[in-house]
1. Got the relative contact order for the chain handy, in percent, Cα pairs under 8 Å and 6 or more residues apart?
2. Based on other C-beta atoms within 10 Å, arrange Tyr56, Tyr33 from fewest to most.
3. I want to check the label-to-label distance for Ser42 and Lys16. Put each point 7 Å from Cα in the C-beta direction and report it in nm to one decimal.
4. Would you mind putting 40-50, 10-20 in packing order, based on average other-beta-carbon counts within 10 Å, highest first?
5. When the dipole is taken about the Cα centre of the range 8-61, and only Lys, Arg (+1) and Asp, Glu (-1) are charged at their Cβ, what size is it in debye, to the nearest 20?
6. Using only DSSP helix segments of four residues or longer, with each worth -39500 (n - 2.57), what per-residue ellipticity at 222 nm results for the chain after dividing by its residue count and rounding to 500?
7. Local charge sum around Ala24 (other residues, Cβ-Cβ under 10 Å, Lys/Arg +1, Asp/Glu -1)?
Amino acid sequence: MSDFACKECHLILDEKTCPRCPEAEVSREWQGYIEILNPESSDIAKEMGILTPGRYALRVR
Ligand SMILES: [Zn+2]
């Protein structure tokens with residue numbers, strides 16, 4: 001996979017900058033992802049501190 005993931009919020013990105021954390025580093029070294037549709041009703045989203053729907057990497061190195 002050629003996508004990047006933000007090291008700060010774990011959002012999966014098509015570009016090298018995270019729109020939410022422009023200061024954060026991005027990485028190609030990430031594993032697994034989860035699609036969060038309803039952060040309010042998702043336990044994983046709460047655990048990961050995700051507030052906005054989207055695709056998130058489970059692990060970012
Ligand atoms: Zn981010």
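1. Computed value for the chain: 37 percent relative contact order.
2. Tyr33, Tyr56
3. A separation of 2.8 nm, rounded to one decimal place.
4. Order by mean packing, descending: 10-20, 40-50.
5. Values: 7 positive and 10 negative charges, 26 e Å.
Computed charge dipole of the range 8-61: roughly 120 debye.
6. The helix-only estimate for the chain comes to -2000 deg cm²/dmol at 222 nm.
7. -1
Every read-out reported here was derived from the displayed coordinates using simple, explicitly stated rules and does not represent laboratory data. This one's a predicted model, so the numbers in the text were calculated from it and none came from an experiment. Glycine also receives a Cβ, built like all others from the backbone with ideal geometry; neighbour counts cover every protein chain displayed.
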